Amino acid sequence: MKRIVEISELSKDDIPIAGGKGANLGELVSAGFNVPPGFVLTTASYDYFLETSGIEKKVNDLTAGVDVNSESSLQSVSQKIRALFEEMPIADDLVAEVRRSYQKLWKNKKPGLVAVRSSATAEDLPTASFAGQQDTYLNVHSEEDLMEKVRKCWSSLFTPRAISYRVTKGFEHSKVKLAVVVQKMVSSDISGIMFTVDPNSEMPHIIIEAGYGLGEAIVSGKVTPDTYVVDKFHNKIISKKVSKQTWKYVRGKVGDTVKENVPEKDWSVQKMTDEQILALGMIGNDIEVHYDKPMDIEWCMEDGMMYIVQARPVTTLKGKNGGKVSNAKSEPELKKSLKIIAKGLAASPGKAGGAVKMVSEEMNLDVVKKGDIMITTMTSPDMVPAMTRAAAIITDEGGMTCHAAIVARELGIPCIVGTGNITHVVKEGDIVTVDGTTGVVYEGVEEKVVEEPTDKAATLAGRAVPVTGTKVYVNLAIPHKAAEYSKLPVSGVGLMRIEFLFTSYIQEHPCAMIEKGRQQELVDKLADGISIVAKEFYPRPIILRTSDFKTNEYRDMKGGEKFEPNEQNPMIGWRGCSRYVSDSYREAFMQELKAIKKVRDEMGLKNVHVMLPFVRTIDEVRQITEMMRTVGLERNRDFKLYLMAEIPCNIFMADEFSDWCDGFSIGSNDLTQLTMGADRDSDVLGKMGYFDERNEAIKRAIKMLIDAAHKKGRTVGICGQAPSVYPEFSEFLVKVGIDTISLNPDTVVDTISIIASAEQRVLLEAARKNL
């Protein structure tokens with residue numbers, strides 16, 4: 001076997017000699033893609049170094065004696081082995097070979113900088129992922145520096161994490177070897193990552209992320225890149241999200257990597273031209289065609305020239321990961337005793353464990369991978385795509401109905417909010433268990449948590465459930481969950497929030513799109529998102545709630561600052577129907593209505609109905625009804641209009657509101673907040689018990705609404721969190737005559753049984769009275 005080969009001599013079948021990274025780069029070169037030239041020190045070079053340095057036996061003895069249950073033992077063994085690698089000289093003949101290849105790379109010109117990357121032979125195994133465990137060095141500036149970095153790459157095969165991982169996965173240390181890739185360094189003006197399929201929704205879109213400078217800032221999540229979405233079949237740009245970038249990584253004066261400020265005029269400028277975006281998208285599509293599978297690609301651009309620096313299959317698509325913990329460090333850590341490290345409000349039930357991923361709004365949220373435990377001060381709508389990948393969520397702030405709690409319950413993942421200090425208690429990479437049922441965070445992970453299946457809906461759908469007189473629906477926000485949740489024994493979707501389409505699919509303020517003349521694009525995207533859910537549940541009804549963003553949430557969207565005022569209390573500010581009847585937002589709401597019309601008429605999905613949020617006055621409903629009529633949406637036997645009942649005036653004037661709708665859906669979160677004067681996001685009031693839908697005042701309000709609506713022949717349902725959080729609340733609702741109950745997916749089956757039991761008790765009590 002050659003000790004050194006040029007990248008162009010390799011193919012994807014050469015993983016045993018060149019590692020995953022080296023083999024894939026060779027495959028790209030042979031397929032005609034533009035890859036920075038270079039060479040690979042094969043695993044034969046690694047073996048030769050072990051043999052000629054005489055350290056192989058010492059390495060084997062040290063690894064044989066390591067105690068993987070002891071962090072100190074792992075650290076000690078790792079330091080000793082790495083010291084052996086980095087202190088022992090490389091054989092003269094191998095050094096000479098490397099120098100010849102290095103000089104050949106520059107074709108007798110003055111040598112420049114190179115990138116030195118580890119490429120492990122076990123990187124692409126289906127049973128384990130070694131990727132990212134070894135070292136990479138950029139801007140290596142001399143032959144001496146190159147040889148030092150080669151040794152460091154070899155020694156990185158014996159980091160504490162790598163040693164532990166191999167032991168727990170059953171790999172012999174001697175069987176996993178390391179090749180080293182040496183390539184000409186590209187001094188990137190712009191760089192980034194590209195997926196040839198949307199890793200969240202799995203829609204056939206190319207996702208491109210781009211930032212200034214070297215790509216390490218993006219890969220590490222230290223900057224938020226621009227995000228461009230390209231329709232791969234029609235090669236057109238679907239959406240662009242331009243992010244602010246104030247600094248970048250660049251080549252330093254002595255060949256090191258340094259931070260450099262971006263000129264202020266370029267902070268919020270689109271990083272790539274539209275032509276460059278489309279050209280890169282075509283390259284990504286060609287790479288996917290060549291590999292015949294969706295690909296995760298790293299790229300960079302210098303002086304207008306595009307380079308591909310890495311390509312690997314996307315491994316996070318549905319069905320690829322069968323457990324809740326995809327990033328757990330090692331089996332020994334899973335066996336640690338579970339010590340309580342934090343407590344908070346139990347916001348979404350269930351238990352999951354894994355590696356901590358610290359998240360903030362300004363960072364690139366793609367760093368959150370499937371199975372991570374997402375920890376942040378508080379979530380925002382922009383974080384929804386990352387939340388869909390998390391195994392569990394923990395926040396410093398928030399109450400039982402904050403954004404994190406609501407989304408987590410709909411995703412069916414554990415969530416604890418209002419811990420007060422979780423971001424200071426744990427650090428990146430720590431292994432924890434999240435018990436969303438009790439609100440407790442533990443150190444370490446129970447082994448059984450790892451085996452928990454991810455497709456809860458399929459499991460739940462397989463359980464037998466009793467028949468109920470009360471119709472049971474499901475709450476749904478994330479469109480790509482529709483196929484999973486449609487398996488549940490429900491009568492339809494009782495609450496689909498359209499605003500989640502804005503944050504995770506459109507990612508731009510609607511008024512900003514309208515200002516640029518992109519109304520039809522907005523309509524088409526909304527219609528596509530709505531149709532995903534409507535098709536999966538057809539012919540069961542979908543009750544679509546029109547947008548209910550608060551001003552602070554809309555301001556954070558691309559282009560939002562221009563159109564959104566600053567409000568001291570957005571929760572009771574310009575939201576819901578008050579937006580629709582405002583001159584400054586009316587046109588945006590009309591696009592929502594046109595999208596609904598398109599779904600019903602052009603796509604034939606007549607199971608979509610409309611629900612209006614935060615209705616304050618009869619006049620609002622009158623104006624909105626006329627707006628709906630102008631686009632062809634009028635109440636009839638096949639199209640229903642519902643109103644959210646979440647403000648006390650909806651209760652007091654239920655008789656009058658009934659004349660303008662087909663029914664009501666109780667928003668128990670806002671109704672409780674506004675009746676009790678208790679901020680729903682206050683963890684302090686939540687812990688003190690002020691925010692509780694079971695309060696007698698809330699129960700009386702609900703009964704008043706049901707009695708008034710039934711007199712007018714209108715239905716009343718509930719789509720708030722209460723029935724999902726408090727099973728006994730469902731029994732109360734049955735007793736006062738609720739018509740429908742819409743639940744979070746993870747609580748559907750258990751709550752149906754509670755509803756059935758409550759209905760039986762009501763019938764028995766009635767029978768006793770008659771007797």
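The values are calculated or read from the model by the stated rules, or taken from the named source; none is laboratory data. All values derive from a computational prediction rather than experimental measurement. Note: ideal-geometry Cβ built from the backbone for every residue, glycine included; neighbour counts use all protein chains shown. Remember, those area values only see protein heavy atoms, side chains included, never the ligands or the DNA or RNA. Shrake-Rupley method; radii C 1.70, N 1.55, O 1.52, S 1.80 Å.
Quick one: compute a quarter of the convex hull surface over the Cα atoms of segment 562-662 and quote it in nm².
Reported value for the Cα convex hull: 7.2 nm².
Tell me which residues come under 5 Å, amide H to amide H, from Trp247 once H is placed; ignore anything under 5 positions away on its chain.
For Trp247, whose amide H was placed from the backbone, the distant partners under 5 Å are Val262.
Can you figure out the FRET efficiency of Asn566 with Glu515, using R₀ = 22 Å and their beta-carbon distance, to the nearest 0.05?
Given R0 = 22 Å and the Cβ-Cβ separation, E is 0.65.
For labels at Ser757 and Glu264 in the simple 7 Å Cα→Cβ model, what's the distance in nm?
6.5 nm
Given a Förster distance of 60 Å, report the FRET efficiency between Lys293 and Asp659 from their Cβ-Cβ distance, rounded to the nearest 0.05.
Efficiency at R0 = 60 Å is approximately 0.55.
Tell me which residues come under 5 Å, amide H to amide H, from Val610 once H is placed; ignore anything under 5 positions away on its chain.
For Val610, whose amide H was placed from the backbone, the distant partners under 5 Å are Leu544, Lys640, Tyr642.
Measuring from centroid to centroid over Cα atoms, what is the spacing of segment 172-191 and segment 535-585 in Å?
Computed from Cα coordinates, the inter-centre distance equals 47 Å.
With the dipole of segment 530-653 worked out from charges on the C-beta (+1 for Lys and Arg, -1 for Asp and Glu) around the Cα centre, which of Pro613, Cys649, Leu593 lies farthest toward the positive end?
Of Pro613, Cys649, Leu593, it is Leu593.
When the convex hull of the Cα atoms of segment 578-719 is projected onto a plane and the area is averaged over all directions, what value comes out in nm²?
Average of the hull's projected areas for segment 578-719 equals 9.4 nm².
Once amide H atoms are placed 1.01 Å from N in the peptide plane, what residues at a sequence separation of 5 or more from Met306, or on another chain, have their amide H within under 5 Å of its amide H?
Amide H neighbours of Met306: none.
Sorting Val368, Val425 by accessible area (1.4 Å probe), largest first, what list results?
Val425, Val368
Would you kindly derive the ³J(HN,Hα) couplings of segment 652-662 from the backbone phi angles with the Karplus curve 6.51 cos²θ - 1.76 cosθ + 1.60 (θ = phi - 60°), listing them in order in whole Hz, with x for Gly and Pro?
Here the 3J(HN,Hα) series is 5, 10, 4, 4, 6, 4, 4, 5, 10, 8, 9 Hz.
Read phi for every residue in segment 93-108 and hand back ³J(HN,Hα) as whole Hz from Karplus 6.51 cos²θ - 1.76 cosθ + 1.60, θ = phi - 60°, with x for Gly and Pro.
5, 6, 4, 5, 4, 4, 5, 5, 5, 5, 5, 4, 4, 9, 6, 6
Just want the answer: with Cβ charges of +1 for Lys and Arg and -1 for Asp and Glu, which residue in Gly350, Val150, Leu685 is farthest toward the dipole's positive end in the chain?
In the chain, that residue is Gly350.
Provide the per residue accessible area, probe 1.4 Å, for the chain, rounded to a whole number of square angstrom.
Accessible area per residue: 40 Å².
Give me the percent of the accessible area of the chain that comes from carbon and sulfur atoms, probe 1.4 Å, all protein chains in place.
Percent of accessible area from carbon and sulfur atoms in the chain: 50.
Run down the lysines and flag those whose C-alpha is under 22 Å from the C-alpha of Lys57, throwing out any fewer than 8 positions away in its chain.
Of all the lysines, those that pass the test against Lys57 - Cα under 22 Å, at least 8 places apart if same chain - are Lys80, Lys152, Lys175, Lys177.
Say the dipole of the chain comes from +1 at the beta carbon of Lys and Arg and -1 at that of Asp and Glu; which of Ile572, Ile514, Ser8 then lies farthest toward its positive end?
Of the listed residues, the answer is Ile572.
Give me the three principal axis extents of the chain from the C-alpha atoms, as integers in angstrom, largest value leading.
Extents along the principal axes, in whole Å: 99, 57, 43.
Describe numerically, in nm with one decimal, the distance between label points set 7 Å from Cα along Cα→Cβ at Asn552 and at Met704.
If labels sit at Asn552 and Met704, their model points lie 2.9 nm apart.
Please go through the residue pairs Lys2/Lys107; Lys248/Lys481; Lys241/Lys487; Lys248/Lys525; Lys481/Lys516 and name each one whose alpha carbons sit more than 27 Å apart in this structure.
Flagged as over cut-off: Lys248/Lys481; Lys241/Lys487; Lys248/Lys525; Lys481/Lys516.
Using the structure shown, select from Lys184/Lys293; Lys597/Lys712; Lys236/Lys597; Lys369/Lys597; Lys550/Lys594 the pairs with a Cα to Cα distance greater than 30 angstrom.
Lys369/Lys597
With θ taken as phi - 60° and the coefficients 6.51, -1.76 and 1.60, list the Karplus ³J(HN,Hα) couplings across segment 558-564 in order, rounded to whole Hz; mark glycine and proline as x.
So the Karplus estimates, Gly and Pro as x, are 4, x, x, 4, 5, 10, 10 Hz.
Based on DSSP H runs of at least 4 residues, each adding -39500 (n - 2.57), what is the mean residue ellipticity at 222 nm of the chain after dividing by all its residues, to the nearest 500 deg cm²/dmol?
When only DSSP H runs of four or more count, the value is -10500 deg cm²/dmol.
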